[in-house]
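Notes follow once the structure below has been shown.
What follows is calculated from the coordinates using simple rules that are stated; it is not laboratory data. Nothing here was measured: the structure is a model prediction, and the numbers come from that model.
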Ligand SMILES: C[S@@+](CC[C@H](N)C(=O)[O-])C[C@H]1O[C@@H](n2cnc3c(N)ncnc32)[C@H](O)[C@@H]1O
């Protein structure tokens, strides 16, 4: 029984590692610099693709940002819903594989993935965004895109809406 529980837990964490990035949360002190660079405004909506334990969502909600997280690991979804409870009016966390989610409109999309998924992410954003969206990538740059701003570990990109490009 213990072995089964262990396998389920390990499997949940392995799934995230296989489909986007292993669970390696952003450090709390780094969230401050990232949010400052992103110039978020109260009332805006932020999506975290692979929201982990919800710490970036919480830091953004503390600035009155509406937040949507997608997380594939059910244990992390449970933990993040608990720790984000205080901001439940601002934060929604979905148990989902974000590659299969049709992205809702948002002002900002935040990701902390790994290098090998950045090109796939770019294709998804390019195809699906319905409004101009600021995309923030922690650690890894998006290949073929010039960031509007960046610092040592954060890249900020301005994506236009798919509709605009086709017109
Ligand atoms: C490097 S962690 C980043 C966590 C959080 N965004 C942060 O910055 O602290 C990546 C997270 O993405 C999740 N993840 C990876 N692939 C995913 C997918 N396809 N759909 C949903 N979540 C995914 C992992 O389970 C993990 O929690």
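Tabulated values for the structure
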{"item": "With Cα atoms, 0 to 90° folded angle of helix 28-38 axis to the chain main axis", "result": "20 degrees"}
{"item": "Rg over Rh [alpha-carbon atoms, Kirkwood Rh] for the chain", "result": "0.97"}
{"item": "Alpha-carbon Debye profile of the range 107-167, log10 I(q)/I(0) at 0.24 Å⁻¹", "result": "-0.99"}
{"item": "Most mobile listed residue (135, 111, 83) in the chain, GNM with C-alpha springs under 10 Å", "result": "83"}
{"item": "The chain: angle of helix 2-19 to the longest principal axis, Cα-based, in degrees nearest 10", "result": "10 degrees"}
{"item": "Between helix 118-128 and the chain: long-axis angle, C-alpha atoms, 0 to 90°, nearest 10", "result": "60 degrees"}
{"item": "Length-normalised contact order for the range 2-166 - Cα pairs under 8 Å, 6+ apart - percent", "result": "19 percent"}
{"item": "Pairwise centroid distance, computed over Cα atoms, of the range 100-144 with the range 36-64, Å", "result": "15 Å"}
{"item": "Within a Gaussian network of the chain (alpha carbon springs, distance under 10 Å), most fluctuating of 20, 69, 33", "result": "33"}
